[in-house]
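Values in this text are rule-based calculations from the coordinates and carry no lab data. Treat the numbers as computed from the prediction; the structure is a model and nothing was measured. Note that each Cβ is placed from the backbone with ideal geometry, even for glycine, and that neighbours are counted across all protein chains shown.
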């Protein structure tokens, strides 16, 4: 249930005031907390691409490739690669521009080699990525007709058909991070029969394409990887079709379909053929855990997961994967070694619960490649959860030296909060606001810290100003950006301010909105108790 925002986005109206005793005010000041900082999940999942683990920093590759490229037909493949790198880094504008150039250059090359199957496959791939789907399909079908023995042509057509079937059914939807299965269709009519028929046909043909690719290139790891992910996407979309027609499976049944034995077998074979791909090793481990867990009636890697309850064969497989990652961590290429250590650290956390080993490997990764931002975040999150606050402070200080951003200042402020170094925390929050004046967390944090020393009426007034600014920022955010925890933090901080300003009636109403949506919220209960006198 979402926190009610009725009070949050309204003007403050002060009614009759009742004075809060100083004893209660002291307790309220102690209850003030900096807003929570959410950490990104350590892995995300997409049925078309698998688990996203230890992403490689594309900046250096983009820069080097961009410098070498010219608008020459012979550079068409380079522009295609550049477009993919931009897309992987989230730069959709430059990705489209690079791909548009690739389209023009591939067309010029095909004027001289109109039946070259690999050129046709590349053109079809980039046409699909730029939204020209009809032409893309036509070109890709020409490619497989011209090159029936070329595995890349079959792979390109199979991937295109998978993407199109997904567009027919889900319009790009993905599972929630915890794999909570939901019916994404508000009305059964949203999924018309012709779309179901088209999707089923494409999925079946895509499977044939991947099988042809495997037959043509049995020693290529990518054909097994893509076929394994096709199995996952197919089962994912078939579940959507069932959901839309009113047929429901349990979550563990659906997860068993997603992480099927046939998907795992293909990913394992791909990993054997490409033993240095550390992200693929991590994918194999997670595919196996989610699949085995589902087949024995458990769901994923949640709270209380104990990997030793897995079958012996799976435990041996996981340990072998860890050993391979440790070997890859010896790679003389620092970035590659750091990537292997990052995946190793990820798996040692929620999978093996080996916190000290995890922290050690994450530190080794940062020593090799300090630019790995997700590793800094994992380090901070692990130390905070373990209540190792002196180490947390040291890591946050080092992170700030590596990257001077509003978020790194806020993380350091949270570390100071844990050590009750309020002046230092306030200094860091001030620096964050300089870098990001409209950051909700920073504005709310400064208002909260001023409440800590609000015995001075002028400071209390300043705190109100920052909270009002935070309220304006919150009201202007689109719904998907209104973090539930941030809304709760704002509501409780505003409640404390009102009580300190002796508007106890309003303060109680604000705290009660949190209780109404989260009956077990202990902070809200303590705030209400502090006003009972």
Next item on the list: For n ≥ 4 DSSP H runs only, could you compute -39500 (n - 2.57) per run for the chain, divide by its residues and tell me the 222 nm figure to the nearest 500?
Entry: -22000 deg cm²/dmol
Note to self: Relative contact order of segment 388-436, please, whole-number percent, based on alpha carbon pairs below 8 angstrom and at least 6 residues apart.
What the structure shows: 37 percent
Next item on the list: Using per-residue counts of other Cβ atoms within 10 Å, averaged over each peptide, order 333-339, 295-301, 509-515 from highest down.
Entry: 509-515, 333-339, 295-301
Next item on the list: State the label only: which of (1) 85, 56, 54; (2) 93, 47, 44; (3) 67, 65, 40 corresponds to Cα extents along the principal axes in Å computed from the shown model?
Entry: (1)
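Just want the ordering: 230, 248, 269, from fewest to most Cβ atoms lying within 10 Å of their own Cβ.
Ranked by crowding around the Cβ, least crowded first: 248, 269, 230.
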Next item on the list: Starting from the Cα of residue 96, step 7 Å along the direction of its Cβ; do the same at residue 26; then give the gap between the two resulting points in nm.
Entry: 6.1 nm
Notebook entry, point to check: To the nearest 0.05, what FRET efficiency results for residue 434 and residue 60 with a Förster distance of 30 Å applied to their C-beta separation?
Noted result: 0.55
Check: To the nearest Å, what is the center-to-center distance of segment 144-161 and segment 482-518, using C-alpha atoms only?
Finding: 59 Å
Next item on the list: Find the relative contact order for segment 383-492 and round it to a whole percent, using C-alpha pairs within less than 8 Å whose residues are 6+ positions apart.
Entry: 17 percent
Check: Taking only Cα atoms, what is the 0 to 90° angle, nearest 10, from helix 59-68's long axis to the longest principal axis of the chain?
Finding: 40 degrees
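Between residue 355 and residue 208, what length in nm is gained on full extension when 0.36 nm per residue of separation is reduced by their alpha carbon distance? List each step's numbers first, then the result.
Numbers: separation 147, 0.36 × 147 = 52.92 nm, distance 4.44 nm.
Full-extension gain reported as 48.5 nm.
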Check: Over the chain, what is the mean sequence separation of C-alpha contacts under 8 Å (at least six apart), divided by residue count, expressed as relative contact order in percent?
Finding: 18 percent
Check: What is the order of 316, 209, fewest Cβ neighbours within 10 Å to most?
Finding: 316, 209
Next item on the list: Pull out the extension gain between residue 453 and residue 484, defined as 0.36 nm times the separation in residues minus the alpha carbon to alpha carbon distance; nm, one decimal.
Entry: 8.5 nm
Checklist line | Exposure proxy order (Cβ contacts within 10 Å, fewest to most) of 363, 70 | finding: 70, 363
Next item on the list: May I ask for the angle, rounded to the nearest 10°, between helix 373-385 and the longest principal axis of the chain, with both axes built from Cα atoms and the value confined to 0 to 90°?
Entry: 40 degrees
Next item on the list: Subtracting the Cα-Cα distance from 0.36 nm times the residue separation, let me have the gained length for residue 167 to residue 112 in nm, one decimal.
Entry: 16.4 nm
Notebook entry, point to check: For residue 250 and residue 526, what is the calculated FRET efficiency with R₀ set at 30 Å and r taken between the beta-carbons, to the nearest 0.05?
Noted result: 0.20
Notebook entry, point to check: Applying 1/(1 + (r/R0)^6) with R0 = 30 Å to the Cβ-Cβ distance of residue 388 and residue 38, what FRET efficiency is obtained, to the nearest 0.05?
Noted result: 0.90
